[in-house]
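J.: The structure under discussion is supplied below as structure tokens; questions concerning it will follow.
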Amino acid sequence: MSTEATLLLTLDLVGTFAFALNGALTALRVTRLDIVGVVTLGMTTALGGGIIRDVLLGSLPPATFSDWRYLAVAAVGGLVAFVFGPGLDRLNTPITVLDAAGLSLFAVTGAAKALALGLGPAQAVLLGALTGVGGGTLRDVLIGQVPSVFRSGLYAIPALLGATATVVAIRLDAYGVATAVGAAVLCFTVRMLGVRFGWNAPMPRTPRAQRPHGG
Amino acid sequence: MSTEATLLLTLDLVGTFAFALNGALTALRVTRLDIVGVVTLGMTTALGGGIIRDVLLGSLPPATFSDWRYLAVAAVGGLVAFVFGPGLDRLNTPITVLDAAGLSLFAVTGAAKALALGLGPAQAVLLGALTGVGGGTLRDVLIGQVPSVFRSGLYAIPALLGATATVVAIRLDAYGVATAVGAAVLCFTVRMLGVRFGWNAPMPRTPRAQRPHGG
Amino acid sequence: MSTEATLLLTLDLVGTFAFALNGALTALRVTRLDIVGVVTLGMTTALGGGIIRDVLLGSLPPATFSDWRYLAVAAVGGLVAFVFGPGLDRLNTPITVLDAAGLSLFAVTGAAKALALGLGPAQAVLLGALTGVGGGTLRDVLIGQVPSVFRSGLYAIPALLGATATVVAIRLDAYGVATAVGAAVLCFTVRMLGVRFGWNAPMPRTPRAQRPHGG
């Protein structure tokens, strides 16, 4: 395996671990769960986005599901959350940073995979973003929450930006380590600025407005 | 492209737009969402049924996901709901009519596609109905509601009728523009009669009954 | 069809019926549903696990969806729940026993199918368990509940044990009627002991703990 491939694999596994840990901790804050629930929800957060992408691509069985290293790293992330639980809340900042790194990596590699399998640019951007946000969305649905990606913070938008930059670079035949890193850094930067300054995506002008009687 | 194919595509895109608009407005009435949530839920409502059908058929990537025109029309439907929001409630009646037209079209084309790919008649009826109701079901789950198709109104039953009529016509070698339109009109009529007269599907005799202590 | 195959098919259909009946009754206890909801949720409980497994395996259309006998038996299970409803609660014990039998059978056959299609042992164990618990999980999500498999009782763990025993037997070239029955009996016994003695999977030490102010 080349140095570059080893680096990419390592980064991908770190992102998977961060997603699993963060996902399991998020689930634990919301509802009562046993060990099966904590580990399953951590694994779902970590692997769900890539699995949804591969189902839509018809690339089955899904890549991360087939590779035992991803399964193992995701399971360990969930187990760490189970064992240490709320004690990990003091590590909130590093976990958020690693989660943003995972989001960036997944958006870039997800978009690149979709293009490589012959999908169009719009589809590749959507699948890249879905690779990044799909696992957390699935976890939120499984614990009875409206997915946070639909209502607050900036999470899907950085992923869409990173995926778009990736698609543009590939279409311009300028895709390589430098541009992939650039696309990931774009996603990461916007995500972390959003966290730092509490940015939200635009809301409708009158959320939850009641229909007037005469309407 | 033949006139007939152009007409079918146009109808399909109108149905997709109506589903996206109606789906996004429904989501907005239930919960607080940002632009990502409104557009995603509109697109999910419009495209989700066909995507679930194509996943079950193994016909991947899903047809409407691969065709940028469907993606674009669905995204515009969601954006219109985001921009105009509750102001569109005065258009409730035309939106309901277009939604019923979309349901009818999706049930007929979904059943025909399933048969064409070799599935049996019972499966084709189920997949036709699922094409019509799957997107709204997915949206309801994503916003934390028990899907309305499971509990009130007549929505799945007209879709099942339209899909059954389609399967019967194809099996009798009588499928063509006239019978396809007939099957869609059957679905549309039952749906609109249900809306007009407030019909519901049969309920169990004692819903939510408590188990007696001696039970 | 050999006697053995006939026996396996019969057992599988009995398990499917029990899952559909139990699943529809569970849904009825939680929320108001019409006939579409009761039958759909019964069928989802019975067929959902196998469908998710086959989607992940890329073995499409899913086996139980393609075979009208499974569809018919699952629909009848849902209809029986709709017609007799809470009156069936006196049959709680036999239904629980049949449900445990279905869980055991699905875990064993699911794991065996995954191995036969070339997946690794860890994936086969996960897919075996998912075949057993996936349908009920999907039903719980559709009725707005956090899946009970994530929080109480012993349901996933017996399925994991049965699937693991199956994978071990196949890898040791010792798989046959006797070992398959043994793996199913292992799952069934642990499940029924859990029901009898009210066992739960381990919980985190401080569930739902609030983050301390200084954290």
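The values are calculated or read from the model by the stated rules, or taken from the named source; none is laboratory data. Keep in mind the model is a prediction, meaning the values are calculated, not measured. Here the Cβ is made from the backbone with ideal geometry for all residues, glycine too, and neighbour counts use every protein chain on show.
J.: Quick check on my filter: what residues within the range A:111-135 are buried (at least 24 other Cβ atoms within 10 Å of the Cβ) and of a type in the set (Gly, Ala, Ser)?
T.: A:ALA111, A:ALA114, A:ALA124, A:GLY128, A:ALA129, A:GLY132, A:GLY134, A:GLY135 - these are the residues of the range A:111-135 that are buried (at least 24 other Cβ atoms within 10 Å of the Cβ) and of a type in the set (Gly, Ala, Ser).
J.: Looking at (1) among the aliphatic types (A, V, I, L, M); (2) under 15 Å from the mean Cα position of the chain (by Cα); (3) within 14 Å of another protein chain (Cβ to nearest Cβ); (4) under 17 Å from A:VAL108 (Cβ atoms), which is the one condition that is false for A:VAL167?
T.: With (1) among the aliphatic types (A, V, I, L, M); (2) under 15 Å from the mean Cα position of the chain (by Cα); (3) within 14 Å of another protein chain (Cβ to nearest Cβ); (4) under 17 Å from A:VAL108 (Cβ atoms) applied to A:VAL167, the lone miss is (2).
J.: In this structure, does B:ALA122 turn out to be without any contact (Cβ under 8 Å) to a residue 12 or more places away in the chain, more than 22 Å from B:GLY15 (Cα to Cα) and not in a helix (DSSP H, G or I)?
T.: no
J.: If B:GLY144 passes every condition in (1) within 14 Å of chain C (Cβ to nearest Cβ); (2) assigned to a helix (DSSP H, G or I); (3) within 30 Å of A:GLY136 (Cβ to Cβ) but one, which one does it miss?
T.: (2)
J.: Answer yes or no: is there a residue in the range C:118-131 that is more than 9 Å from chain A (Cβ to nearest Cβ), modelled with pLDDT under 95 and within 19 Å of C:CYS187 (Cβ to Cβ).
T.: No, the range C:118-131 has no match at all.
J.: Can you find a residue that is among the polar types (S, T, N, Q) and over 25 Å from C:PRO61 (Cβ atoms) anywhere in the range B:131-143?
T.: no
J.: Failed condition for B:LEU33, given (1) within 13 Å of chain A (Cβ to nearest Cβ); (2) at pLDDT below 90, with all others met?
T.: That leaves (2) as the condition not met.
J.: With more than 14 Å from chain B (Cβ to nearest Cβ), touching a Leu at 6+ places or on another chain (Cβ under 6 Å) and within 21 Å of C:PRO121 (Cα to Cα) as the only criterion, which of A:ALA63, A:ALA18, A:ALA74, A:ALA27 stands out?
T.: Only one candidate qualifies: A:ALA74.
J.: If C:ALA156 satisfies all but one of (1) surrounded by 24 or more Cβ atoms within 10 Å (Cβ to Cβ); (2) within 14 Å of C:GLY50 (Cα to Cα), what's the number of the condition it fails?
T.: Every listed condition holds for C:ALA156 apart from (2).
J.: Would you confirm whether or not the range A:161-179 contains a residue that is within 24 Å of A:GLY78 (Cα to Cα) and β-branched (Val, Ile, Thr)?
T.: Checked against the condition, which is being within 24 Å of A:GLY78 (Cα to Cα) and β-branched (Val, Ile, Thr), the range A:161-179 yields no hits at all.
J.: Now a separate question. Go through the range A:57-79 and count every residue that is within 14 Å of A:ALA46 (Cα to Cα) and either of a type in the set (A, V, I, L, M, F, W, C) or touching a residue at least 24 places away in the same chain (Cβ under 8 Å) (or both).
T.: Number of matching residues: 15.
J.: Within the set of pairs 6+ apart or on separate chains, which have a first residue in the range A:1-18 that is at negative phi, a second that is part of a helix (DSSP H, G or I) and among the charged types (D, E, K, R), and C-beta atoms under 6 Å apart?
T.: A:ALA18/A:ASP99
Residue-by-condition table, conditions (1) in contact with a Pro (Cβ under 9 Å, 6 or more places away or on another chain); (2) part of a helix (DSSP H, G or I); (3) surrounded by fewer than 17 Cβ atoms within 10 Å (Cβ to Cβ):
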{"site": "A:GLY50", "(1), (2), (3)": "yes, yes, no"}
{"site": "A:ARG69", "(1), (2), (3)": "no, yes, yes"}
{"site": "A:ALA74", "(1), (2), (3)": "no, yes, no"}
{"site": "A:PHE82", "(1), (2), (3)": "yes, yes, no"}
{"site": "A:GLY85", "(1), (2), (3)": "yes, yes, no"}
{"site": "A:ALA101", "(1), (2), (3)": "no, yes, no"}
{"site": "A:THR109", "(1), (2), (3)": "no, yes, no"}
{"site": "A:ASP140", "(1), (2), (3)": "yes, yes, no"}
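J.: Considering every residue within the range B:192-199, establish whether at least one is surrounded by 16 or more Cβ atoms within 10 Å (Cβ to Cβ) and touching a Leu at 6+ places or on another chain (Cβ under 9 Å).
T.: Scanning the range B:192-199, I find at least one residue that is surrounded by 16 or more Cβ atoms within 10 Å (Cβ to Cβ) and touching a Leu at 6+ places or on another chain (Cβ under 9 Å), so the answer is yes.
J.: Looking at C:LEU41, is it within 11 Å of chain B (Cβ to nearest Cβ), crowded, with 19+ Cβ neighbours inside 10 Å and in a helix (DSSP H, G or I)?
T.: So C:LEU41 fits the description; yes.
J.: Condition first: of a type in the set (A, V, I, L, M, F, W, C) and over 14 Å from A:ALA180 (Cβ atoms). Now tell me which residues in the range A:91-123 satisfy that.
T.: A:LEU91, A:ILE95, A:VAL97, A:LEU98, A:ALA100, A:LEU103, A:ALA114, A:LEU117, A:LEU119, A:ALA122 - these are the residues of the range A:91-123 that are of a type in the set (A, V, I, L, M, F, W, C) and over 14 Å from A:ALA180 (Cβ atoms).
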